[in-house]
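First the structure, in the form of C-alpha coordinates, and then the observations on it.
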Amino acid sequence: MRALAAIAAALVLVPAASALDVSAAPSRIAFGDPVVVTATGEGPIELELGPWTALGPPGTSVRDGITTVVQRVACLVEACVPGDGARSVPLPVARGDGRVSAVRIVVRPRVPPAAVAADKASYRRSTTLPPVQGHHAWLAALLLSSLALAGAAALALRPRRRRPQAGTQPAPDALARALRLLRESAGRPAPDRRRAADLAGRVAPAVGRRAGTVAWSRPDPAVEDVEELAGQIEELG
(Lines give C-alpha, C1' and ligand atoms only; values in the text may rest on other atoms or scores of the structure.)
Protein backbone atom coordinates (compact mmCIF):
# COMPACT_ATOMS: atom_id res chain seq x y z
CA MET A 1 0.00 0.00 0.00
CA ARG A 2 2.83 2.37 0.86
CA ALA A 3 4.44 1.68 -2.55
CA LEU A 4 1.20 2.43 -4.38
CA ALA A 5 0.78 5.64 -2.41
CA ALA A 6 4.33 6.74 -3.30
CA ILE A 7 3.75 6.10 -7.00
CA ALA A 8 0.49 8.04 -6.90
CA ALA A 9 2.19 10.96 -5.18
CA ALA A 10 4.95 10.96 -7.79
CA LEU A 11 2.41 11.04 -10.59
CA VAL A 12 0.67 14.00 -8.95
CA LEU A 13 3.97 15.91 -8.68
CA VAL A 14 4.75 15.45 -12.43
CA PRO A 15 3.28 18.48 -14.26
CA ALA A 16 1.02 17.65 -17.15
CA ALA A 17 2.13 18.94 -20.52
CA SER A 18 0.27 22.15 -21.27
CA ALA A 19 -1.63 22.55 -24.49
CA LEU A 20 -0.37 24.62 -27.39
CA ASP A 21 -3.21 26.94 -28.40
CA VAL A 22 -3.19 28.42 -31.90
CA SER A 23 -5.75 30.78 -33.42
CA ALA A 24 -6.01 32.84 -36.60
CA ALA A 25 -7.99 35.98 -37.32
CA PRO A 26 -9.72 36.07 -39.64
CA SER A 27 -10.06 32.37 -40.28
CA ARG A 28 -11.71 32.88 -43.68
CA ILE A 29 -9.97 35.17 -46.16
CA ALA A 30 -9.69 35.92 -49.85
CA PHE A 31 -6.47 35.06 -51.64
CA GLY A 32 -3.68 37.45 -50.65
CA ASP A 33 -5.38 38.86 -47.54
CA PRO A 34 -3.28 39.14 -44.36
CA VAL A 35 -3.91 36.90 -41.34
CA VAL A 36 -2.83 37.38 -37.72
CA VAL A 37 -1.76 34.08 -36.10
CA THR A 38 -1.53 33.86 -32.29
CA ALA A 39 0.17 30.91 -30.52
CA THR A 40 0.17 30.47 -26.71
CA GLY A 41 1.91 27.83 -24.57
CA GLU A 42 4.73 27.08 -22.12
CA GLY A 43 8.32 27.32 -23.27
CA PRO A 44 9.68 28.57 -26.57
CA ILE A 45 7.34 28.60 -29.57
CA GLU A 46 8.46 28.47 -33.17
CA LEU A 47 6.21 29.28 -36.12
CA GLU A 48 6.38 26.89 -39.07
CA LEU A 49 4.94 29.05 -41.83
CA GLY A 50 5.06 26.56 -44.71
CA PRO A 51 3.64 28.31 -47.81
CA TRP A 52 2.76 31.39 -45.79
CA THR A 53 4.93 34.52 -45.89
CA ALA A 54 5.72 36.56 -42.78
CA LEU A 55 4.66 40.20 -43.08
CA GLY A 56 7.22 41.45 -40.61
CA PRO A 57 8.94 40.06 -37.49
CA PRO A 58 6.88 38.13 -34.92
CA GLY A 59 5.89 39.69 -31.63
CA THR A 60 6.87 37.52 -28.63
CA SER A 61 5.92 38.05 -24.98
CA VAL A 62 6.32 35.91 -21.83
CA ARG A 63 4.15 36.29 -18.72
CA ASP A 64 3.94 33.92 -15.76
CA GLY A 65 5.81 31.27 -17.75
CA ILE A 66 3.36 31.47 -20.67
CA THR A 67 4.77 32.44 -24.07
CA THR A 68 2.65 34.24 -26.64
CA VAL A 69 3.75 34.71 -30.24
CA VAL A 70 1.82 36.92 -32.67
CA GLN A 71 2.71 36.81 -36.35
CA ARG A 72 1.10 38.57 -39.34
CA VAL A 73 1.24 36.39 -42.45
CA ALA A 74 -0.14 36.13 -45.97
CA CYS A 75 -0.14 33.36 -48.55
CA LEU A 76 0.78 34.53 -52.03
CA VAL A 77 1.87 31.29 -53.71
CA GLU A 78 0.07 28.74 -55.85
CA ALA A 79 -0.44 26.39 -52.90
CA CYS A 80 -2.98 28.83 -51.51
CA VAL A 81 -4.83 29.62 -54.73
CA PRO A 82 -8.39 28.32 -54.42
CA GLY A 83 -10.04 26.47 -57.26
CA ASP A 84 -13.73 26.61 -58.04
CA GLY A 85 -14.42 26.74 -54.32
CA ALA A 86 -12.61 27.54 -51.09
CA ARG A 87 -9.37 25.85 -50.05
CA SER A 88 -8.28 24.98 -46.51
CA VAL A 89 -4.58 25.78 -45.96
CA PRO A 90 -2.87 24.65 -42.70
CA LEU A 91 -0.45 26.79 -40.73
CA PRO A 92 1.38 24.60 -38.16
CA VAL A 93 2.97 26.00 -35.00
CA ALA A 94 5.69 24.03 -33.15
CA ARG A 95 6.72 24.38 -29.50
CA GLY A 96 10.21 23.78 -28.17
CA ASP A 97 9.28 20.43 -26.60
CA GLY A 98 8.30 19.01 -29.99
CA ARG A 99 4.56 19.46 -29.72
CA VAL A 100 2.84 20.71 -32.86
CA SER A 101 -0.57 22.30 -33.23
CA ALA A 102 -2.03 23.56 -36.49
CA VAL A 103 -4.72 26.02 -37.42
CA ARG A 104 -6.47 25.79 -40.77
CA ILE A 105 -7.33 28.93 -42.69
CA VAL A 106 -9.98 28.89 -45.41
CA VAL A 107 -8.98 30.77 -48.57
CA ARG A 108 -11.90 31.64 -50.82
CA PRO A 109 -11.83 32.91 -54.43
CA ARG A 110 -12.03 36.64 -54.98
CA VAL A 111 -14.18 36.22 -58.10
CA PRO A 112 -17.11 33.80 -58.20
CA PRO A 113 -16.90 31.01 -60.81
CA ALA A 114 -19.91 32.42 -62.67
CA ALA A 115 -18.09 35.71 -63.26
CA VAL A 116 -14.99 33.91 -64.50
CA ALA A 117 -16.98 31.83 -66.97
CA ALA A 118 -18.98 34.82 -68.28
CA ASP A 119 -18.30 36.03 -71.81
CA LYS A 120 -18.51 39.67 -70.76
CA ALA A 121 -17.02 41.02 -67.56
CA SER A 122 -19.36 42.77 -65.17
CA TYR A 123 -18.36 45.84 -63.19
CA ARG A 124 -19.66 47.14 -59.91
CA ARG A 125 -19.85 50.74 -61.10
CA SER A 126 -22.02 51.76 -64.00
CA THR A 127 -20.31 53.61 -66.83
CA THR A 128 -23.53 55.27 -68.03
CA LEU A 129 -25.67 57.92 -66.41
CA PRO A 130 -29.13 56.86 -65.25
CA PRO A 131 -32.03 58.23 -67.32
CA VAL A 132 -33.54 61.48 -66.05
CA GLN A 133 -37.23 61.22 -65.31
CA GLY A 134 -40.09 63.54 -64.44
CA HIS A 135 -39.51 67.24 -63.78
CA HIS A 136 -35.77 66.55 -63.50
CA ALA A 137 -35.71 65.86 -67.26
CA TRP A 138 -37.35 69.23 -67.95
CA LEU A 139 -34.85 71.05 -65.73
CA ALA A 140 -31.91 69.25 -67.36
CA ALA A 141 -33.11 70.17 -70.86
CA LEU A 142 -33.59 73.81 -69.82
CA LEU A 143 -30.10 73.93 -68.31
CA LEU A 144 -28.50 72.46 -71.43
CA SER A 145 -30.35 74.93 -73.65
CA SER A 146 -29.23 77.86 -71.47
CA LEU A 147 -25.63 76.73 -71.61
CA ALA A 148 -25.77 76.35 -75.38
CA LEU A 149 -27.23 79.86 -75.82
CA ALA A 150 -24.64 81.34 -73.45
CA GLY A 151 -21.82 79.68 -75.38
CA ALA A 152 -23.13 80.94 -78.71
CA ALA A 153 -23.48 84.48 -77.34
CA ALA A 154 -19.95 84.41 -75.97
CA LEU A 155 -18.58 83.36 -79.34
CA ALA A 156 -20.55 86.04 -81.15
CA LEU A 157 -19.45 88.84 -78.80
CA ARG A 158 -15.81 87.81 -78.65
CA PRO A 159 -13.65 90.37 -80.45
CA ARG A 160 -11.87 88.98 -83.44
CA ARG A 161 -8.25 89.79 -83.97
CA ARG A 162 -7.13 90.09 -87.51
CA ARG A 163 -3.74 88.61 -88.19
CA PRO A 164 -1.64 90.36 -90.78
CA GLN A 165 -1.20 88.34 -93.91
CA ALA A 166 1.97 87.93 -95.88
CA GLY A 167 2.18 90.26 -98.83
CA THR A 168 0.03 93.06 -97.32
CA GLN A 169 1.46 96.58 -97.36
CA PRO A 170 2.40 97.79 -93.83
CA ALA A 171 1.66 101.30 -92.59
CA PRO A 172 4.40 103.72 -93.76
CA ASP A 173 5.00 105.24 -90.32
CA ALA A 174 5.24 101.85 -88.59
CA LEU A 175 7.50 100.51 -91.29
CA ALA A 176 9.81 103.52 -91.09
CA ARG A 177 10.04 103.25 -87.30
CA ALA A 178 10.77 99.49 -87.43
CA LEU A 179 13.44 100.08 -90.08
CA ARG A 180 15.06 102.84 -88.02
CA LEU A 181 15.14 100.70 -84.86
CA LEU A 182 16.53 97.80 -86.83
CA ARG A 183 19.43 99.83 -88.23
CA GLU A 184 20.16 101.39 -84.83
CA SER A 185 20.28 97.93 -83.23
CA ALA A 186 23.26 97.04 -85.43
CA GLY A 187 25.43 99.07 -83.06
CA ARG A 188 23.75 97.75 -79.90
CA PRO A 189 24.00 94.47 -77.92
CA ALA A 190 22.47 91.27 -79.26
CA PRO A 191 19.22 91.48 -77.19
CA ASP A 192 18.41 94.81 -78.89
CA ARG A 193 18.97 93.25 -82.32
CA ARG A 194 16.61 90.42 -81.41
CA ARG A 195 13.86 92.81 -80.28
CA ALA A 196 14.24 95.01 -83.35
CA ALA A 197 14.05 91.99 -85.67
CA ASP A 198 10.95 90.70 -83.90
CA LEU A 199 9.26 94.11 -84.24
CA ALA A 200 10.16 94.27 -87.93
CA GLY A 201 8.61 90.83 -88.50
CA ARG A 202 5.33 91.94 -86.90
CA VAL A 203 5.17 95.23 -88.81
CA ALA A 204 6.17 93.72 -92.16
CA PRO A 205 4.66 90.20 -92.42
CA ALA A 206 6.24 89.79 -95.86
CA VAL A 207 9.63 89.34 -94.19
CA GLY A 208 8.22 87.74 -91.07
CA ARG A 209 9.93 84.38 -91.57
CA ARG A 210 13.34 85.96 -92.10
CA ALA A 211 12.80 88.33 -89.16
CA GLY A 212 11.89 85.43 -86.90
CA THR A 213 15.03 83.57 -87.90
CA VAL A 214 17.14 86.59 -86.96
CA ALA A 215 15.26 87.24 -83.72
CA TRP A 216 15.61 83.65 -82.47
CA SER A 217 18.92 82.69 -84.04
CA ARG A 218 21.55 80.72 -82.16
CA PRO A 219 24.16 82.02 -81.59
CA ASP A 220 23.32 85.71 -81.30
CA PRO A 221 22.26 87.43 -84.53
CA ALA A 222 25.15 89.07 -86.32
CA VAL A 223 25.25 92.67 -87.52
CA GLU A 224 25.26 91.42 -91.12
CA ASP A 225 21.97 89.58 -90.54
CA VAL A 226 20.32 92.74 -89.22
CA GLU A 227 21.56 94.84 -92.13
CA GLU A 228 20.37 92.24 -94.64
CA LEU A 229 16.91 92.23 -93.03
CA ALA A 230 16.85 96.03 -93.14
CA GLY A 231 17.60 95.94 -96.87
CA GLN A 232 14.68 93.57 -97.47
CA ILE A 233 12.35 95.94 -95.59
CA GLU A 234 13.52 98.91 -97.62
CA GLU A 235 12.53 97.08 -100.79
CA LEU A 236 8.97 96.85 -99.43
CA GLY A 237 8.76 100.67 -99.21
Under 17 Å from a point 7 Å along the Cα-to-Cβ line of residue 222: which residues of the range 196-211 have their amide N that close?
211
Quick tally, 1.4 Å probe accessible area for 21, 84, 198, 192, sorted with the most first, runs 84, 21, 198, 192
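The values are calculated or read from the model by the stated rules, or taken from the named source; none is laboratory data. Quantities reported herein were computed from a predicted structural model and do not represent experimental measurements. Cβ atoms come from the backbone with ideal geometry, glycine included; neighbour counts cover every protein chain shown. Ligands, DNA and RNA are excluded from the accessible area calculation, which covers all protein heavy atoms including side chains. Shrake-Rupley method; radii C 1.70, N 1.55, O 1.52, S 1.80 Å.
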